[in-house]
1. Might you let me know whether the range 134-148 holds any residue that is of a type outside the set (S, T, N, Q), surrounded by 12 or more Cβ atoms within 10 Å (Cβ to Cβ), in a helix (DSSP H, G or I) and modelled with pLDDT under 95?
2. Select from the range 193-209 the residues that are surrounded by 19 or more Cβ atoms within 10 Å (Cβ to Cβ) and charged (D, E, K, R) and list them in ascending order.
3. If we keep just the residues of the range 285-313 that are out of contact with any Pro (no Cβ under 9 Å at 6 or more places or on another chain), surrounded by 15 or more Cβ atoms within 10 Å (Cβ to Cβ) and more than 30 Å from Leu217 (Cα to Cα), which is modelled with the highest pLDDT?
4. Whether any residue in the range 233-248 is surrounded by fewer than 20 Cβ atoms within 10 Å (Cβ to Cβ) and either outside any helix (DSSP H, G or I) or in contact with a Lys or Arg (Cβ under 6 Å, 6 or more places away or on another chain) (or both) is what I want to check.
5. Against the definition (surrounded by 18 or more Cβ atoms within 10 Å (Cβ to Cβ), on the phi < 0 side of the Ramachandran plot and not hydroxyl-bearing (Ser, Thr, Tyr)), how does Phe162 come out, yes or no?
6. Working carefully through the options Gly295, Gly285, Gly281, find the one that is within 17 Å of the chain's Cα centre (by Cα) and either without any contact (Cβ under 8 Å) to a residue 24 or more places away in the chain or within 19 Å of Val167 (Cβ to Cβ) (or both).
7. For Pro108, are the conditions met, namely being at negative phi and touching a Lys or Arg at 6+ places or on another chain (Cβ under 9 Å)?
8. Of all residues in the range 84-124 being in contact (Cβ under 8 Å) with a residue 24 or more places away in the chain, aromatic (Phe, Trp, Tyr) and in a helix (DSSP H, G or I), which is surrounded by the fewest Cβ atoms within 10 Å (Cβ to Cβ)?
Amino acid sequence: MLGSTVWGCRTTWLVLSFVAATCLLFQSPPLLPGLFLSYSSFVGDLAASLAGALSPYAALSQPALAFALGTTFLLEATFWSCNAVLGLIYYFDPALLKPYKLHEDKFPPAALIRSCLADVVIGHAVVRPPLLYLTHSLFLRFGMSASPSEIPPLATIYLQLFASILVDDTLFYWSHRMLHHPAIYKHIHKQHHTFKYTIGIATEYCHPVEDFFSNILSTTAGPLLMGSHESVLWLYLNLKLWQSIDAHSGYNFPFPVSPFSVLRSMDCAPAHDYHHSHNAGNFGGFFIFWDWVCGTDVKYSAHLEKNRDKDAYWNVVGGGAGEGGAKTT
């Protein structure tokens, strides 16, 4: 009864907070259109200047360049700000957050972290902007608009974000599961799994083939197929990036620091942490639906049950000092 009450309170708090925040963002006239217009104008002016400077060497599309720059700046801001906060947490290891650590005193080797940083920086600087520039015309063909006056109503934004999550989860689950096939894993996905104990920057440490087919296609498929407005695309890309960093953070942060494990059907960080530490099952993203349907969460469920039994034992003989909980070791 108490557990159900706690879950009910957390879910209600999540829904009310989400509704309040989005009402403030999307309904306060003209907050979202104004923010989008200001940001679009900034990247548009920057794109115009850059296109002009490069005109002797290449004829660049200003709208495509503005799209590439605008998307890149937002993703960089999300990636590095989240990981800067995590970096401080890793360095200072505050006692307040120790109950939420998924692995005690286990951290990736320094050489692996340096390799990951180099890989991420090259990908962000060399690969991402040109790829966004080249795919701009594809988004336009599917109906994407960048006009502030065409930002959809709140209900449409909610619907498209949720639909994008469902499409993303489906494509990511099956492509991720395919990457674990023995004939493929050692050539492609093994790079990502060199992080047995993950940190935030490990989110994007992967082989280029994996990055394109499992990450990029899964994330962009929903907004692309629905012809979502550029602002909705940007919202979803940053939401997915935040969720992915959270899943690799090494912490099971509580709500509202992390909203990604607040519902029973999510369990993002602990489930994905187990996937890395044990290299078994848990191929999903936002939700654990496909793992549940396909039975690829069986080992993880048994692991959780074992830890719950261990907690119960230590609560009896150890004066309440349980050893299981959210830990996945």
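1. Yes, the conditions are met somewhere in the range 134-148.
2. The answer is Glu204, and nothing else.
3. His303
4. No: zero hits.
5. Numbers: surrounded by 18 or more Cβ atoms within 10 Å (Cβ to Cβ): no; on the phi < 0 side of the Ramachandran plot: yes; not hydroxyl-bearing (Ser, Thr, Tyr): yes.
Spelling it out, it is not the case that Phe162 is surrounded by 18 or more Cβ atoms within 10 Å (Cβ to Cβ), on the phi < 0 side of the Ramachandran plot and not hydroxyl-bearing (Ser, Thr, Tyr).
6. Values: Gly295 fails: within 17 Å of the chain's Cα centre (by Cα); Gly281 fails: within 17 Å of the chain's Cα centre (by Cα).
Sole residue among the options that is within 17 Å of the chain's Cα centre (by Cα) and either without any contact (Cβ under 8 Å) to a residue 24 or more places away in the chain or within 19 Å of Val167 (Cβ to Cβ) (or both): Gly285.
7. Working: at negative phi: yes; touching a Lys or Arg at 6+ places or on another chain (Cβ under 9 Å): yes.
Judged against the criteria, Pro108 is a match.
8. So the residue we want is Tyr90.
The values are calculated or read from the model by the stated rules, or taken from the named source; none is laboratory data. Every value quoted in this text rests on a predicted model; they were computed, and no experiment measured them. Glycine gets a Cβ as well: all are built from the backbone with ideal geometry, and neighbour counts include every protein chain shown.
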